[in-house]
Amino acid sequence: MQTDFRAGIVAVIGRPNVGKSSLLNRILKYKLSIVSAKPQTTRDNILGLYNGAASQILFVDTPGIHAPLNKLGERLVERAVSGLEDANVVLYVVTIDDRPEQSENDRILKVLRDYPGIPVVLAVNKVDLPGSRSKILPLIDRFTKKIKLRDVVPVSAKDGTNGEVLVRTLESLLPVAAPLYPDDMITDRTERFIAQELIREKIIASTDEEVPHSVAVEIEEFKSPDEYPERRDLFVRATVYVEREGQRAIILGRKGEKIKTIGTAARKALEEMTGHKTYLELWVKVNKGWRDSEKELKRLGYE
Ligand SMILES: Nc1nc2c(ncn2[C@@H]2O[C@H](COP(=O)(O)OP(=O)(O)OP(=O)(O)O)[C@@H](O)[C@H]2O)c(=O)[nH]1
Ligand SMILES: [Mg+2]
């Protein structure tokens with residue numbers, strides 16, 4: 001092995017919806033973290049491993065930092081901030097239209113001031129959007145007035161612009177160290193967890209307003225041929241929790257049509273992930289006020 005191999009943790013931080021998860025998936029060339037057009041999609045710190053010729057980068061995708069409206073929101077922000085604890089480098093993601101004065105960015109800049117020892121790389125995402133070019137320099141100027149940046153990389157998670165440049169920049173800031181995990185490992189998450197997230201992603205994609213935020217998915221049964229060699233198919237049974245009866249009706253749809261569409265999309269995603277023919281059973285239940293219940297948050301894995 002080379003003597004200058006580098007390894008370490010990069011915490012991916014930013015406000016909701018800037019494309020943190022999309023960027024990570026693009027870099028890892030693997031759909032690890034779910035993505036949606038609605039804010040607060042990611043609810044967990046998710047470890048994704050980049051295994052390169054000269055480095056192993058442990059990326060930690062985090063929930064978007066925002067002003068929380070309920071206990072779930074508080075947990076998400078706490079988790080995102082806790083992602084900084086062990087980080088060697090912060091990848092601060094903004095979009096081409098971000099301003100440091102936006103309340104969420106203002107909050108992030110304050111948090112980052114508490115970690116003055118960690119180098120910060122600013123990724124300016126969505127540069128594929130029209131008119132981006134002329135906005136880059138003024139944006140860099142505004143952010144460098146607020147925070148010491150080690151580097152700035154304009155990127156597009158959508159078309160891949162500068163993905164490699166970003167990886168080279170991040171790896172140059174990591175300590176010289178041996179790989180921390182086996183080089184065939186891509187995440188610390190189980191297929192079961194990713195399955196739960198994929199189901200949630202399909203629900204978010206087909207609902208609006210408060211519904212995506214009110215959904216939690218719990219995997220009740222996950223029987224894979226990988227674990228049970230006598231099985232030929234993957235069987236997944238999951239409960240979808242919502243907060244109100246009206247939301248349940250929305251997810252079920254007229255004559256159960258919506259849940260059927262969601263189920264088909266989720267099943268296809270599970271088949272793609274596992275390579276197994278999949279049977280998916282979804283049950284929708286009302287769990288009043290789970291986002292503000294300590295007990296339910298804990299049970300659903302949002303401690
Ligand atoms: N045009 C364009 N859209 C992008 C790009 N990257 C992400 N998006 C879109 O931005 C939206 C949010 O993407 P996510 O990756 O879920 O954002 P996030 O920062 O992880 O959001 P949270 O998990 O809610 O904090 C999705 O609709 C993406 O398709 C990009 O480079 N260009
Ligand atoms: Mg995300």
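Please report the accessible area of LEU180 (heavy atoms, 1.4 Å probe, ligands and nucleic acids excluded) in Å², nearest 10.
So the heavy atoms of LEU180 present about 100 Å² to solvent.
Take ARG150, project a point 7 Å from its Cα along the Cβ direction, then tell me which residues of segment 88-124 have their backbone nitrogen under 13 Å from it.
Within reach of a label on ARG150: 88-92, 116-123.
³J(HN,Hα) across segment 150-161 via Karplus (A = 6.51, B = -1.76, C = 1.60, θ = phi - 60°), whole Hz, x for Gly/Pro?
Result, ordered by residue: 6, 6, 10, 10, x, 9, 9, 5, 6, 10, x, 3 Hz.
Leaving out ligands, DNA and RNA, and with a 1.4 Å probe, what % of the accessible surface on segment 189-303 is carbon or sulfur?
Percent of accessible area from carbon and sulfur atoms in segment 189-303: 48.
Using a 1.4 Å probe on the protein heavy atoms only, what accessible surface does HIS66 show? Give it in Å² to the nearest 10.
10 Å²
Past the 24 Å Cα-Cα mark, which pairs from LYS158/LYS258; LYS29/LYS148; LYS31/LYS202; LYS126/LYS277? Numbers along the way, then the final one.
Numbers: LYS158/LYS258 28 Å; LYS29/LYS148 30 Å; LYS31/LYS202 14 Å; LYS126/LYS277 35 Å.
Checking Cα-Cα distances, LYS158/LYS258; LYS29/LYS148; LYS126/LYS277 exceed 24 Å.
Taking the convex hull of the Cα atoms, report for segment 162-303 its projected area averaged over all directions, in nm².
In nm², the orientation-averaged hull projection of segment 162-303 is 12.1.
Provide the per residue accessible area, probe 1.4 Å, for the chain, rounded to a whole number of square angstrom.
Numbers: 14500 Å² over 303 residues.
Roughly 48 Å² per residue, with all protein chains present.
Quote the accessible area belonging to GLU221 in square angstrom, nearest 10, computed with a 1.4 Å probe and with ligands, DNA and RNA left uncounted.
50 Å²
What is the ratio of the Cα radius of gyration of segment 133-173 to 2.2 N^0.38 Å, where N is its residue count, to two decimals?
1.27
Report, in whole Å, the centroid distance computed from the Cα atoms of segment 211-270 and segment 34-76.
Spelled out, the Cα-based centre of one part sits 22 Å from the other.
For the chain, give me the percentage of DSSP beta bridges that are antiparallel, rounded to the nearest 5 percent.
35 percent
Could you compute how fast the chain diffuses translationally, taking Rh as the Kirkwood radius over C-alpha pairs and applying Stokes-Einstein at 20 °C with viscosity 1.002 mPa s? Give it in µm² per second.
On the way: Rh = 20.3 Å.
After rounding, the answer is 105 µm²/s.
Taking amide H atoms as placed 1.01 Å from N in the peptide plane, list the residues 5 or more away in sequence, or in a different chain, whose amide H sits under 5 Å from that of SER55.
ARG6
Provide ASP114, ASP141 ordered by accessible surface of protein heavy atoms (probe 1.4 Å), highest first. Could the numbers behind the result be given before it?
On the way: ASP114 115, ASP141 75 Å².
Ranked from most to least accessible, the order is ASP114, ASP141.
Loop only per DSSP, at most 13 neighbouring Cβ atoms within 10 Å: give me the trypsin sites (Lys or Arg not before Pro) in segment 1-51, ordered by residue number.
On the way: sites: ARG6, LYS20, ARG26, LYS29, LYS31, ARG43; in loops: LYS29, LYS31, ARG43.
Those satisfying the criteria are LYS29.
Taking the chain as the reference, fit the longest principal axis to its C-alpha atoms, fit the long axis of helix 257-274 to the helix C-alpha atoms, and give the angle between the two in degrees, 0 to 90, nearest 10.
60 degrees
Quick one: what do you get for segment 91-211 if you divide its Cα Rg by 2.2 N^0.38 Å? Mind dumping the intermediate values first?
Details: Rg = 17.4 Å, N = 121, 2.2 N^0.38 = 13.6 Å.
For segment 91-211, the normalised Cα radius of gyration comes out at 1.28.
Rounded, prolate or oblate: which one fits segment 6-172, using the alpha carbon gyration tensor with axes a ≥ b ≥ c (rounded when a/c is under 1.5, else prolate when a/b beats b/c, else oblate)?
rounded
Nearest 5 percent is fine: what portion of the DSSP beta bridges confined to segment 191-299 is antiparallel?
45 percent
Quick one: order ASP233, ASP98 from most to least accessible surface, probe 1.4 Å.
Values: ASP233 40, ASP98 0 Å².
Descending accessible area places them as ASP233, ASP98.
Of the accessible area of segment 54-145, with the probe set at 1.4 angstrom, what percent is carbon plus sulfur?
51 percent
Using only DSSP helix segments of four residues or longer, with each worth -39500 (n - 2.57), what per-residue ellipticity at 222 nm results for the chain after dividing by its residue count and rounding to 500? Intermediate values should be presented prior to the final figure.
Working: 9 runs with 101 residues, N = 303.
Using -39500 (n - 2.57) per qualifying helix, the result is -10000 deg cm²/dmol.
How large is ³J(HN,Hα), in whole Hz, for each residue of segment 187-193 in order, when computed from phi with the Karplus curve 6.51 cos²θ - 1.76 cosθ + 1.60 and θ = phi - 60°, using x for Gly and Pro?
3J(HN,Hα) across segment 187-193, in whole Hz: 7, 8, 8, 7, 4, 4, 5.
The values are calculated or read from the model by the stated rules, or taken from the named source; none is laboratory data. It should be emphasised that the depicted structure is a prediction, and the values quoted were computed from it without experimental measurement. So basically every Cβ, Gly included, is an ideal-geometry build from the backbone, and we count neighbours across all protein chains shown. Note: accessible area is taken over every heavy atom of the protein model, side chains too, but ligands, DNA and RNA are not part of it. Shrake-Rupley method; radii C 1.70, N 1.55, O 1.52, S 1.80 Å.
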